[in-house]
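What follows draws every value from the coordinates through simple rules; no lab data is involved. None of the values given here were measured: they were computed from a predicted structure. Note that each Cβ is placed from the backbone with ideal geometry, even for glycine, and that neighbours are counted across all protein chains shown.
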Amino acid sequence: MILRVNELNAGYTWGDNLVHAVNDVSFEVEKGEFLGIAGESGCGKSTLAFSITGLLRPPGHIFSGSVFFMGKDLANLSKEEIRRLRWKDFSIVFQSSMNVLNPVLRIKDQIFDGITAHVNVDKEELLAHTKKLFKLVNVSSEFLDAYPHQLSGGMKQRIVIASALSLNPKLVIMDEPTTALDVVVQRIILQEIDELRRKLGFSIIFITHDLSLLVEISDTLAIMYAGRIVEKAPSAELYAKPMHPYTEGLMNSFPPLSGKRKRLHGIPGHPPKLSEEIKGCPFATRCPKKMPICENISPPYIEVEKGHFVACHLYK
Amino acid sequence: MKYLIRKIMFLLLTIWAALTINFILPRLMPGNPAEVMVAKFRGKITPQAMNALKIAFGIDVHQNIFVQYFRYIQNTMKGNFGISITYFPMPVKSMLAQSIPWTLGLVGTSTIIAFTLGTLLGIKSAWKRNNFLADMSVPIGLFLKSIPYFWLALLFLYLFSFKLSWFPLAGGSSGKFIGFKEVLDILYHSILPAFTIVVAASGGWILTMRNNMISVLSEDYITFAAAKGLKEKEIMYKYGARNAILPNMTGFAMALGFIIGGSLLTEMVFSYPGVGYILYQAVESLDYPLMQAIFLFISLAVLVANFLADVTYVLLDPRVRSGGKE
C-alpha cells in the first residue's frame, strides 16, 4: 500500500469563520493503482489534494485525521523530512498548470532544480534525463531553453507532468491537470498519463470534476460530495451499478458510451455551503430517494459489497 | 536587439528635448544674469565691463536666437556651461567637477545601501509574515517613510555630533590630511549623513518590496516550487524575490537618476560640499548658468538611469525581451 488516508478533516478558518472542506475522508491507494476522485466544483477535492501533500497554507488547516505514506505518518515527520519526500516519493500536478512555472526562469532550469534538490547528478546527466522526460510527454526538446510564456497551455501541462515524473515517484497526485485544456488535448494527455503509469508503475490519484473523463481509465473511482467521499468502487462496477443517488445523478448527466439516445438529466439544486454545519446527509435536500432519517442522521460510510463503499441510508 | 535600438533612439530624442527645454526656459524669464551681476556690484560697473560679462555668460542678445541655440549646443557638448555668478569668476564646469564626486560618493553609496537593505528586509518580512518582528516592519517602515527628513537629519546631527561628539558637525572632510588618512577622514565625515539617508530611504523600499513579495508568494509557482521539495532559501530568492523585485527596478533606477542632483536637505544640514549644496546657493543668488547646468545634469542622469532600467528589465524579465510577442 502506498497511501492511506485516515478520517481526514481539513478546511479553512479565519476569525470565527470555518469552512469544513474535507470531512472524515478515508481511502487507500495501492501500488500502481489509478484512483479517480470526482465531484462538483467546490466539494473539497483540491483541499484534499493539498492536505495529503502537506501543501495546505493558512488559512487552510488539517483539523484531524492522518495521512500515511508508505507506512509513515506524515504528521510525525519534520519539515525537512517531508521536503525530502516531495517529488522523489510523491509529486503533485496542479489545477492551474498555466501559472505553476516561474515566468522568469528557463523551462529546463525549473525541471533541473526539482531534481537537484533531491539527488546529485552532473549537468550532462541532468540534460539527458530531461530530454528523455520530454520525449515521454511528447514535447520537443528544443523547448528546453524556452521561457514559460513562449509555450502553449498544453505544452506547459505536459512539461509540468514531465517534471512531476522526473524522479520516478511512487505516487503522483493530479489535481484537475487537464481542466484548462480542450477535450481533444485532455483525452490525449490522459491516455499518455495512463501509458506512463503502466510503463513506470507509479500510482495516480486523479482529481477532476469531469466524471466521464475517468470512467474508462481509472481502476477505482471515488465520488466526493460536500467534503465527503459518498461512494467508492472499482470503476467498472461504479459505472454499471452506481449505488448512491448522487452518483446516479452524475452518471445521468453525461451521455453513455453506447446504447440508445436518452434525455440527459442534471441534478436539481445546489450543493450545501461548506461554511455551514450540515445536519444529516449532505445530499438530502437534492435527493430523489430521500427518507425521513436522511435529514437528521449522517449516513455511515460502509462497505456494502466487496470493494464497494457507500455512505447512504438506502444500504445497510 | 530591436528593443534596444528603439530604446536608444528614444533616449537620444529625450536628451535632445531636455537640452532644448533647458535652452528655452531661462530665455523666457525676465532679466539676465549680467544684470544680476550688476546688482551685485551695486552699479559700480562700467558699460564695457557689462558687455564683457554678457559675452562671458553667453547671452548675446543681439544675436539671432538660432545662432544662440547652435552655440549653446556646441558649448554644452564641449562641457562649456559658462561662468558661475556666485563663485565668480569660476567656470560652471569646474564647480560641477568639484561637487559631483562628493555627491556621487555620499548619496550614491547610501542610495544603493538603502535599496539593498530595504529590499532584503522586505523579502524577509514578507516571508516570515505573521511573525511579530516581521510584521513590525510595516509600522516601522511607514514611520521612517513619513518622518520629515530634515528633522531626522537635524536630530541626528544634534545628538551624535553636537551632544555626543561622535561625528564632525559639518563638511565633507577636515582637509588636514593627505593620502590614506584623507580617505579615512572623508569616510568619517560621510558616516552620519549617509546613515540618515539610509534610515530615511530604506523604509519605502521595505514597504514596497514586502508588498510585491506577499503578492508573489500567493502565486501558484511558489506552491509548485514547494511541492518540488526545493529548499526554503531557493523558493524565497529564486522564485519569490526574483519576481517580486521586477516592479521595484524602475523606482530604483529613478532613485539612481536623482543621485546626481544630490540630496539637497542632507547636504544643507551637514554642509556637505555636493551638488545639492551648490544648487541651493545657486538658487539663492540667482546663479542661472550654474542652475542651468545642474538641471541639465539632473535630467540627463534621470534619462540615462531610465534607459538603464529598461535594459536591466530586459535582462531580468524574459517576457519583456520578446516585447509581448512570441
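Averaged over peptide A:110-118, how many Cβ atoms belonging to another chain are found within 10 Å of each residue's Cβ?
Taking the mean over all residues of the peptide, I get 4.
With the contact rule set at Cα under 8 Å and sequence spacing of 6 or more, what percent relative contact order holds for the range A:1-87?
Over the range A:1-87, the number comes to 37 percent.
Shape call for the range B:152-232 from the C-alpha gyration tensor, a ≥ b ≥ c root eigenvalues: rounded (a/c under 1.5), prolate (a/b greater than b/c) or oblate?
prolate
For B:Lys2, list the aspartates and glutamates whose Cα falls under 18 Å from its own Cα; do not include residues on the same chain fewer than 8 positions away.
Within reach: B:Asp310, B:Asp317, B:Glu326.
Cα gyration tensor of chain A, axes a ≥ b ≥ c as square roots of the eigenvalues: rounded (a/c below 1.5), prolate (a/b > b/c) or oblate?
prolate
In whole Å, how far is the Cα centre of the range B:143-168 from that of the range B:268-315?
24 Å
Rank these for me by crowding, B:Met268, A:Met1, going from fewest to most other beta carbons within 10 Å.
Ranking B:Met268, A:Met1 by Cβ neighbours within 10 Å, fewest first, gives A:Met1, B:Met268.
With the Cα gyration tensor of chain B giving a ≥ b ≥ c as the square roots of its eigenvalues, does the rule (a/c under 1.5 for rounded; else a/b larger than b/c for prolate; else oblate) give rounded, prolate or oblate?
The shape class here is oblate.
If you count, for every residue in A:83-94, the Cβ atoms of partner chains within 10 Å of its Cβ, what is the mean?
3
Straight-line reach from B:Lys128: which lysines have a Cα under 22 Å away, not including same-chain ones fewer than 8 places off?
Straight-distance partners of B:Lys128: A:Lys79, B:Lys145, B:Lys228, B:Lys231, B:Lys233, B:Lys238.
For the charge dipole of the protein assembly as shown, defined by +1 on Lys and Arg C-beta atoms and -1 on Asp and Glu C-beta atoms about the Cα centroid, which residue among B:Leu246, B:Gln98, A:Ser253 has the Cα displaced farthest towards the positive pole?
B:Gln98
Tilt of helix A:183-200 relative to the longest C-alpha principal axis of chain A, in degrees (0 to 90, nearest 10)?
Once rounded, one gets 70 degrees.
Fewest to most neighbouring Cβ within 10 Å: what's the order for A:Lys72, A:Lys262, A:Lys108, B:Lys228?
Placing the least packed residue first, the sequence is A:Lys262, A:Lys72, A:Lys108, B:Lys228.
Going by C-beta contacts inside 10 Å, put B:Asp220, B:Asp287 in order with the fewest on the left.
By the 10 Å Cβ count, ascending, the order reads B:Asp220, B:Asp287.
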